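Have a look at the structure below, then the notes.
Laboratory data are not the source of any read-out in this text; all were calculated from the coordinates shown. The model shown is predicted, which means the values in this text are computed figures rather than measured ones. So basically every Cβ, Gly included, is an ideal-geometry build from the backbone, and we count neighbours across all protein chains shown.
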Amino acid sequence: MGDFYQTGMITTLHRLVRRPLEQLEAELERFAPSRPLALILPCLYSELQ
């Protein structure tokens, strides 16, 4: 098995090593047109009040 394996609709970002933020943003912008992106941040309802 390779370094990436996805079993469902939700996946995680791999290889989040320290690198310039601009480089990460550019990579995500390059992928966005062909692969829609969303960020899911788990939190408690009480944290939103």
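Full extension of the chain between ALA38 and ARG18 gives 5.1 nm of extra length, using 0.36 nm per residue less the Cα-Cα distance.
With neighbours defined as other Cβ atoms within 10 Å of a residue's Cβ, the residues GLU25, GLU47 order from fewest to most as GLU47, GLU25. Net charge within 12 Å of LEU28 by Cβ-Cβ distance, Lys/Arg positive one each and Asp/Glu negative one each, not counting LEU28 itself? Residues close to LEU28 contribute a combined charge of -2.
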